[in-house]
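Undergrad: Supplied in structure tokens, the structure appears directly below.
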Amino acid sequence: MTASEKIAALAKIIPPAQILTDPIELATYEKDASLDQGTPDALVFVHTAEEVARVVAWANAHAVPLIARGAGTGLSGGAVAARGGVIIEFARMNRILELDAAGRSVVVQPGVVNLVLDEFVKAKGLYFPPDPASGRAATIGGNIAENAGGPHCFKYGVTTNYLTGLTVVLANSRMIRLGGRALDYPEYDFVGLVTGSEGTLGIVTQASARLLRNTLAIKTMMASFDSVEQAGKAVSAVIARGLVPATMEMMDQKMMQIIEDFAHAGLPIHAGAALIIEADGYPESVTPQIEEIAAILRSHAARDLRIAQTAEERDLIWYGRKSAAGAMARLSPAYYLLDGTVPRSKLAATLAGVNKLCDDAGLRVGYVFHAGDGNLHPFILIPNPDDPALMRRVLDTGEKIMRLCVRMGGSITGEHGVGIEKREFMPLMYTPDELAAMWDIKEIFDPQKILNPGKIFPKDLTGLRNRSGLPAPTAAPDSPFAPQNADEAARAIRAWNAQGKKIFIASNGATRHDGATLSTKNLRGITTRSIDDLFVTVKAGTPLADLQTELARDRMWVPLVSPFKEATIGGILATNFNAPLRMKYGGIRDLLLAARVVLPDGRVIWAGRPVVKNVAGYDLPKLFVGSYGTLGLIADATLKLAPLARARASIIAPVDDLKRGMALGSKLLRVCLVASGLLLCRGCEIPGSSTSYALIYTAEGMPEDVNAELAQVRAVLRDENIGNLAQLDAPSANDVWADFLRTESNALTLRAGVAPKDLPAFVGGLALGDAPFIADIANGMLYTRGAPVEILRPAALKLGGYAIVLSGQTNDHWGYQPEGLEIMRALKARWDPCGFFNSGAFVV
């Protein structure tokens with residue numbers, strides 16, 4: 001069939017008015033904001049998810065490449081038709097489908113513009129944190145494809161940290177839901193996998209995201225330093241003091257001079273570097289925060305501090321930073337913008353290295369960078385893009401910069417993505433086994449390779465498609481076997497696989513008679529602790545309690561809580577066992593930066609990297625969170641650190657009626673800004689509570705923020721005529737939750753998850769009798785002890801949620817069938833073809 005005949009077939013299933021084939025019209029879509037270019041054969045404006053599915057079915061039948069596109073603001077060629085094919089343009093799928101202000105979530109189509117969503121939710125007092133520089137035009141679909149961040153991600157994270165569910169059209173045209181409105185569904189985290197996959201695994205038609213309460217006050221400051229090194233040390237000192245600014249942006253002297261010539265923004269052009277820092281929170285908190293930060297900066301040789309006193313002064317400070325791209329465009333018709341990320345402590349050394357590389361190549365360069373997360377943005381000027389020799393120098397220098405970032409322990413891309421631009425750099429960062437693991441995923445999701453081909457992976461795929469095989473198995477160890485490291489574990493796994501033995505993971509090394517036991521008891525201890533870079537790498541068998549004790553010496557912690565003293569890092573990751581404090585700090589999936597994993601076939605991969613922003617390839621670490629060990633053994637994990645809260649306090653409110661208690665909890669949810677727990681409890685031992693139910697609200701962070709928030713909580717409760725309030729330093733909501741789950745009982749302990757907006761109706765509609773329970777109002781979770789699973793589970797499923805058995809005897813712990821179960825099983829079979837590895841531990 002000719003190309004024109006294929007397009008004619010497309011016009012039979014999509015209205016012809018929605019299809020572009022004119023070369024002049026298609027020229028607009030040959031590029032995105034990168035240097036890459038490709039000509040599509042056609043473009044389709046889709047209006048509905050059903051139209052997307054029809055286009056994908058057509059493409060699958062005719063082997064036509066498909067490229068999803070939003071606003072074309074990407075900087076790596078991700079939306080360029082590298083191999084021809086058809087662009088699916090989402091500009092007309094731009095509706096905000098639902099805003100749940102009470103439950104703090106939103107459902108959107110992929111064509112919604114980032115700024116439109118931001119302004120829409122802010123009008124309701126809410127906040128969607130990802131804020132890429134192109135946010136005035138960039139779409140949410142593009143945010144998802146690239147896992148977009150922005151200057152505020154140091155404190156608030158990136159796109160993946162806010163997505164809870166995606167509707168995706170697969171390469172076979174099947175439409176499925178991944179995740180949903182609830183949290184922690186019992187399924188592989190394909191939401192995290194698809195996010196940042198640049199449209200190579202599926203085409204997103206709808207997204208569910210959680211929102212935050214919008215901050216009430218912001219203070220902005222600019223400070224000058226004699227050098228980038230000085231500024232970097234000042235940033236580390238701020239973090240070491242336990243402060244978490246909303247953003248920390250840096251410019252070097254060369255860039256400031258370029259911007260000042262263009263924008264006349266009043267930048268300190270005689271300084272070696274300038275630092276922009278913002279503190280946010282309650283009005284009572286931001287002034288003390290910014291004053292403390294200013295004192296730290298002065299003690300590290302800062303000068304010419306400017307603290308904005310008005311919105312206009314704040315806008316002026318930011319005006320210079322936001323003028324960088326325009327200033328560079330004034331100097332040159334084109335520039336090459338890179339976005340490597342390195343650990344924060346390596347920024348100055350990396351900058352010096354980039355300067356030398358550009359000087360050696362005779363290239364002019366300037367920088368802006370996110371000092372909080374180590375994301376470096378060198379702008380390399382291209383005076384004549386039509387000069388082949390110059391372009392070779394520019395691209396060769398770009399490769400050397402990427403090599404430098406990798407040597408510094410970082411990533412080749414922090415937010416722009418791989419696309420066409422950096423695909424040949426992927427082997428700089430990943431081993432053949434690591435790239436092959438990603439290619440396995442690509443082949444499972446997209447067997448015909450029709451979804452955005454020519455992106456992410458290098459052109460030469462020989463090593464990925466034709467792996468030469470693993471080392472020959474050695475003698476099998478006795479079971480149980482407790483390896484000291486990943487390589488020892490891999491040898492044991494290969495040997496047991498050769499014997500056809502089932503393999504089970506255990507933290508305590510208990511003997512099993514139906515297979516071999518791989519114990520993590522010798523995988524203990526911290527291997528890397530970097531306070532400056534806010535991460536710790538720890539072996540998976542390390543008890544959480546031991547890790548927290550070590551970190552507390554530096555007034556740091558990993559924001560995780562477990563009910564069980566013996567809980568290990570690997571066990572918490574594998575079961576995705578989140579405490580209520582995830583509402584403030586993010587879930588386990590959000591805290592995991594990297595993991596060294598032994599796959600069931602004996603390959604060892606290092607998934608992720610120890611940097612906050614890394615969008616080089618697929619986000620493999622999230623696959624292992626909540627996989628119950630069925631996809632491999634986590635040998636070590638790199639986790640985000642957070643400063644210990646300076647203050648923590650809780651309000652206990654007595655409540656006599658369940659319905660009223662849930663209604664009060666929903667009202668208090670609107671207050672939550674620095675809250676780390678909001679629970680309604682029955683049958684819990686809480687000091688000062690003698691009523692049937694008790695609400696417990698915990699806030700933590702800066703003392704001024706905690707006091708301001710709890711004052712608002714008391715005001716809400718007072719307006720509802722709730723008296724006898726108790727304010728306590730302990731227990732916290734997370735302590736109460738842990739005590740509840742730690743209580744030994746022969747009864748079934750269940751966890752149900754629904755959308756937070758549905759939790760009041762869900763709990764109120766259950767016949768729980770006298771069963772003790774905890775309702776985690778912010779996270780949409782219900783924990784029960786002794787409640788009938790045959791009543792609770794169908795009610796949760798009806799609301800799009802789930803209910804699983806945490807402990808107790810049952811024939812079905814899960815009671816849930818993910819829509820992505822077929823892909824889960826395919827991935828499991830790809831890495832564990834005989835089904836020997838931790839079989840029966842999960843829904844697969």
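Undergrad: Work out the charge dipole of the chain with +1 on the Cβ of Lys and Arg and -1 on the Cβ of Asp and Glu about the Cα centre, then indicate which of Leu363, Ile823, Asn707 is farthest towards its positive end.
TA: Working it through, the farthest residue towards the positive pole turns out to be Ile823.
Undergrad: What does the net charge come to around Val354 if you take all other residues with beta carbon closer than 13 Å to its beta carbon, with K and R at +1 and D and E at -1?
TA: Charge balance in the 13 Å sphere: +2.
Undergrad: Moving to a separate point now. Which of rounded, prolate, oblate describes the range 800-844, given a ≥ b ≥ c as roots of the alpha-carbon gyration tensor eigenvalues and a/c under 1.5 marking rounded, otherwise prolate only if a/b is larger than b/c?
TA: oblate
Undergrad: Could I ask something else about it? Over the chain, average the accessible area per residue using a 1.4 Å probe and give it in Å², no decimals. Walk me through the numbers before you get to the answer.
TA: On the way: 30550 Å² over 844 residues.
Ligands and nucleic acids excluded, the result is 36 Å² per residue.
Undergrad: If you wrap the range 611-763's Cα atoms in a convex hull and average its projection over all directions, what's the area in nm²?
TA: Details: hull surface 49.2 nm².
Quarter of the Cα hull surface area: 12.3 nm².
Undergrad: While we're on this one: Of Trp737, Ser4, Phe842, which is farthest towards the positive pole of the chain's charge dipole, taken about the Cα centre with +1 and -1 on the beta-carbons of Lys, Arg and Asp, Glu respectively?
TA: Working it through, the farthest residue towards the positive pole turns out to be Phe842.
Undergrad: Using a 1.4 Å probe on the protein chains only, how many percent of the accessible area of the chain belongs to carbon and sulfur?
TA: On the way: 15280 of 30550 Å².
About 50 percent, which is the carbon plus sulfur part of the accessible surface.
Undergrad: Heads up, I need the accessible area for Glu89: 1.4 angstrom probe, whole protein in place, Å², nearest 10.
TA: Result for Glu89: roughly 10 Å² accessible.
Undergrad: About its Cα centre, how strong a charge dipole does the range 93-169 have in debye, to the nearest 20, once Lys and Arg get +1 and Asp and Glu get -1 at the Cβ?
TA: So the magnitude is around 120 debye.
Undergrad: So what is the relative contact order of the range 413-497, in percent, for Cα pairs below 8 Å that sit 6 or more residues apart?
TA: 31
Undergrad: Relative contact order for the range 803-844: what is it in percent, counting Cα pairs under 8 Å that are at least 6 residues apart?
TA: So the answer I get is 35 percent.
Undergrad: Please list the non-local residues whose amide H lies under 5 Å from the amide H of Tyr802, H modeled 1.01 Å from N, same-chain partners needing a gap of 5 or more.
TA: Result for Tyr802 returns Gly753.
Undergrad: Kindly flag which residue pairs out of Lys346/Lys565; Lys798/Lys828; Lys233/Lys521; Lys6/Lys613; Lys219/Lys667; Lys155/Lys828 have an alpha-carbon separation exceeding 31 Å in this structure.
TA: Lys346/Lys565; Lys233/Lys521; Lys6/Lys613; Lys155/Lys828
Undergrad: Step by step: find N for the range 1-78, compute 2.2 N^0.38 Å, then divide the Cα radius of gyration by it. What's the final number?
TA: The value comes to 1.11.
Undergrad: Could I ask something else about it? Could you tally the net charge around Asp832, taking each other residue with its Cβ under 12 Å from the Cβ of Asp832, Lys/Arg +1 and Asp/Glu -1?
TA: +3
Undergrad: Here's something else I'd like to know. In percent, what relative contact order does the range 125-248 have, based on Cα pairs under 8 Å that are 6 or more apart in sequence? Could you put the intermediate results ahead of the total?
TA: Working: 173 pairs, mean separation 38.1, N = 124.
Reported as a whole number, the value is 31 percent.
Undergrad: Let me ask something else about it. Using the Cα centre of the chain as the reference point, and only Cβ charges (+1 on K/R, -1 on D/E), how large is the resulting charge dipole? Debye, rounded to the nearest 20.
TA: About 940 debye.
Undergrad: Give me a comma-separated list of calculated 3J(HN,Hα) values for the range 773-782, in order, Karplus coefficients 6.51, -1.76, 1.60 applied at θ = phi - 60°, integers in Hz, x for any Gly or Pro.
TA: Taking θ as phi minus 60°, the curve returns 7, 10, 9, 8, 5, 5, 9, x, 10, 10 Hz for the range 773-782.
Undergrad: If you don't mind, there's one more thing I want to ask. For the chain, what class follows from the C-alpha gyration tensor (a ≥ b ≥ c being the square roots of its eigenvalues): rounded when a/c is under 1.5, otherwise prolate if a/b is larger than b/c, else oblate?
TA: Note, shape of the chain comes out rounded.
Undergrad: Right, here's the next one. Along the charge dipole of the chain, pointing to its positive end and built from +1/-1 on Cβ of Lys, Arg, Asp and Glu, which listed residue (Asn214, Ala506, Gly765) has its Cα farthest out?
TA: My answer, from the dipole projection, is Ala506.
Undergrad: Right, something else. Kindly sort His813, His416, His62 by accessible area of their heavy atoms, largest first, with the probe set to 1.4 Å.
TA: His813, His62, His416
Undergrad: Here's something else I'd like to know. Using the Cα gyration tensor of the range 285-354, with a ≥ b ≥ c the square roots of its eigenvalues, what is the shape: rounded (a/c below 1.5), prolate (a/b larger than b/c) or oblate (neither)?
TA: Note, shape of the range 285-354 comes out oblate.
Undergrad: Whose amide H sits under 5 Å from the amide H of Gly617, counting only residues 5 or more places off or on another chain, with H placed in the peptide plane?
TA: Long-range HN contacts for Gly617: Val418.
Undergrad: Now for a different question. Using only protein heavy atoms and a 1.4 Å probe, report how much of Trp831 is accessible, in Å² to the nearest 10.
TA: For Trp831, the solvent-accessible surface is approximately 0 Å².
Undergrad: Size of the dipole of the range 615-740 about the Cα centre, Lys and Arg at +1 and Asp and Glu at -1 on the beta carbon, nothing else charged, in debye to 20?
TA: Numbers: 11 positive and 14 negative charges, 57 e Å.
Its charge dipole is roughly 280 debye.
The values are calculated or read from the model by the stated rules, or taken from the named source; none is laboratory data. Just so it is clear, the structure is predicted and the values come from calculations on it, not from any experiment. FYI the Cβ positions are ideal-geometry reconstructions off the backbone, even for glycines, and counts take in every protein chain you see. What goes into the accessible areas is simple: the full protein's heavy atoms, side chains included, and nothing from ligands, DNA or RNA. Shrake-Rupley method; radii C 1.70, N 1.55, O 1.52, S 1.80 Å.
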